[in-house]
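The values are calculated or read from the model by the stated rules, or taken from the named source; none is laboratory data. As the structure is a computational prediction, the values presented were derived from the model and not from experiment. Don't worry about glycine lacking a Cβ; one is built from the backbone with ideal geometry, like all the others, and counts go over all protein chains shown.
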Amino acid sequence: MNKTETIDHIARSADLSKEAAGRVMDAFDARLKAHTAEGKRVVFRGFGSFSRGLPAQKTGRNPRTGKTITYTAYHKPKNVPAVGETALRNEIAADAQVSLAEAGRALAALRAAITTSMRKGGIATFYGFGRFYVGKRSARNGRNPRTGASVLIRAARVPRFRASKTGNTGGKFSAGEGLRAAVN
């Protein structure tokens, strides 16, 4: 699912015109990027949270040549201020020039579009922001923290997010329980 298909879905589901749905999508993208650039975490209850990763230089090996290389890796920040869904909805309504109810319905439709796409095993791509897809986590051995006994952890399908290198470098996403349940 790409941005155009998502806008069409939002327009149908939220009872908006395509132009208004496009403005909502653009406002969502702009506000999400602005908040994460300020170092804040944007939280959608049940869906997940977005944040900007902190860059750190790491060393590794080039698998083809075996030479040591240095690259930038981004890790999730801890204890950062959060922006809730209500505040984001209010900002989107003001930016997109729609009512609060329409902005709320549009955000719910956006979440539903991404969840439905991932449930079917598809990819939801937004140019300049990133893409949501379903990853596979293989079975592995773990430890019971109480007893120390070895436990087999089953293989699972997990929601993943890859930030765009053009406009959202270092973007991080932590999937919520609702999205994880929808994928499995």
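Side notes on the structure shown:
- Exactly one residue out of Thr86, Thr72 is loosely packed, with under 14 Cβ neighbours inside 10 Å, closer than 21 Å to Gly39 by Cβ and out of contact with any Lys or Arg (no Cβ under 8 Å at 6 or more places or on another chain), and it is Thr86.
- The condition (being farther than 30 Å from Ser17 by Cβ, modelled with pLDDT under 90 and surrounded by fewer than 16 Cβ atoms within 10 Å (Cβ to Cβ)) is satisfied by just one residue among Lys165, Lys136: Lys165.
- Of all residues in the stretch 2-28, those that are among the charged types (D, E, K, R) have Cβ atoms under 7 Å from Cβ atoms of residues that are at pLDDT 90 or above and not in a helix (DSSP H, G or I), 6 or more apart or on another chain, in Arg23/Gln97.
- Failed criterion for Ala93 (all others in (1) buried (at least 17 other Cβ atoms within 10 Å of the Cβ); (2) more than 23 Å from Ile7 (Cβ to Cβ); (3) out of contact with any strand residue (DSSP E or B) (no Cβ under 6 Å at 6 or more places or on another chain) hold): (2)
- Strands (runs of 3 or more DSSP E) enclosed by the stretch 42-130 - at least 1 residues per element that are aromatic (Phe, Trp, Tyr): 48-52, 68-75, 124-126
- Residues of the stretch 15-44 satisfying the condition of being touching an Asp or Glu at 6+ places or on another chain (Cβ under 9 Å), closer than 29 Å to Ala73 by Cβ and basic (Lys, Arg): Arg31
- The listed residue being at pLDDT below 90, in contact with a helix residue (DSSP H, G or I) (Cβ under 6 Å, 6 or more places away or on another chain) and either of a type outside the set (Ser, Thr, Tyr) or closer than 26 Å to Ala182 by Cβ (or both), out of Arg31, Arg52: Arg52
- Qualifying residue in the stretch 90-106 (condition: at pLDDT below 90 and touching a Ser or Thr at 6+ places or on another chain (Cβ under 7 Å)): no
- Matching entry among Lys67, Lys78, Lys120 (being surrounded by fewer than 17 Cβ atoms within 10 Å (Cβ to Cβ) and either within 15 Å of the chain's Cα centre (by Cα) or under 24 Å from Asn184 (Cα atoms) (or both)): Lys120
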